[in-house]
Each structure stands twice: as C-alpha cells, then as structure tokens.
Amino acid sequence: MHKKIYGAVTDMRYFPSSIRLKVGDPVFLVKDPDNLADPEAIRVVLPSHGQVGYIANSADTVPRGCRSAGRIYDSFRQQTLGVVQFIFQDIAIVELKEVATKTGAGEKEVFIMYRTPSEQI
C-alpha cells in the first residue's frame, strides 16, 4: 500500500474488550452488512478478545485525516488488517495495512478469517 489509510474506531465504550486495546495491536476490520443501523458498518476486532468497536462513519465522528467506513468499505472483500496507531480517551486511530484497492491489482487480501468465540472449534 503506497498511501496510508486511517480509520477511527468509535463506540469503544460499549465493548469491554476495548480496554485491552494498545498502540501497536493488530486488529481485524470486518464488514458487518447485517447491521441495521449502517449497511456499511465495519466492526473492529481484537483477535484475542473480540469486538472493540466500529469504524466511524458519520461526519460527526470521523476525525480529520481519517476515512469513514463508507469510504473504505469497498476497498476490501470481507475483512482486512489494521494496526492501532493512537488511542485518545474513547477513540482509537487504526492504519489499514492490507487493502485490495481493485480486484487483481496486486495488493494482498487478508485470508486469515476472524471467528467469533461461538464459531471456534
């Protein structure tokens, strides 16, 4: 990836696992198309602890320099990888690391699928 892409993790206060989030942590960004409130919702998942929030998707919650969930939603298939860069009170800034900008464009897609605890064997 040539240009850095950032997203802001919001709603962290609703997810107890978010207190474990640290700068440098890898996280999965997972599309949540069944979300009734936002059809472009992207869940943010800390692999060892579960969901920690959502990528911000409204003008009121997207900080300057970050992209909204709607702007990055079509840049990957089902999920992609990000790394926590900053944490400010109840918001975290994540840099997307693996994004397929176009099908067959040579960028990597993350194939390690996150599974919820109920899906794990």
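The values are calculated or read from the model by the stated rules, or taken from the named source; none is laboratory data. Worth saying up front: this structure is predicted, and the values here are computed from it rather than measured. Glycine also receives a Cβ, built like all others from the backbone with ideal geometry; neighbour counts cover every protein chain displayed. Accessible surface is based on the protein model in full, side chains and every heavy atom, while ligands, DNA and RNA are left aside. Shrake-Rupley method; radii C 1.70, N 1.55, O 1.52, S 1.80 Å.
Here is how the numbers come out for the structure above:
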quantity: Residues being touching a residue at least 24 places away in the same chain (Cβ under 8 Å) and under 15 Å from Ile72 (Cβ atoms) - total across region 1-28; calculated: 10
quantity: Only listed residue being open to solvent by less than 90 Å² (accessible area, probe 1.4 Å), over 15 Å from the mean Cα position of the chain (by Cα) and either aromatic (Phe, Trp, Tyr) or at pLDDT 90 or above (or both), chosen from Gly104, Gly50, Gly82, Gly65; calculated: Gly65
quantity: Region 36-64: number of residues that are acidic (Asp, Glu) and under 17 Å from Asp90 (Cα atoms); calculated: 1
quantity: Failed item, numbered, when Arg71 is tested on (1) open to solvent by less than 50 Å² (accessible area, probe 1.4 Å); (2) free of Cβ contacts under 8 Å to residues at least 12 places away in the same chain; (3) of a type in the set (Lys, Arg); calculated: (1)
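For every residue, the table says whether it meets (1) within 11 Å of the chain's Cα centre (by Cα); (2) of a type in the set (S, T, N, Q); (3) modelled with pLDDT under 95; (4) open to solvent by 70 Å² or more (accessible area, probe 1.4 Å).
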residue	(1), (2), (3), (4)
His2	no, no, yes, yes
Val9	yes, no, no, no
Met12	no, no, yes, no
Ser17	no, yes, yes, no
Arg20	no, no, yes, yes
Leu29	yes, no, no, no
Ala41	yes, no, no, no
Ile55	yes, no, no, no
Asp60	no, no, yes, yes
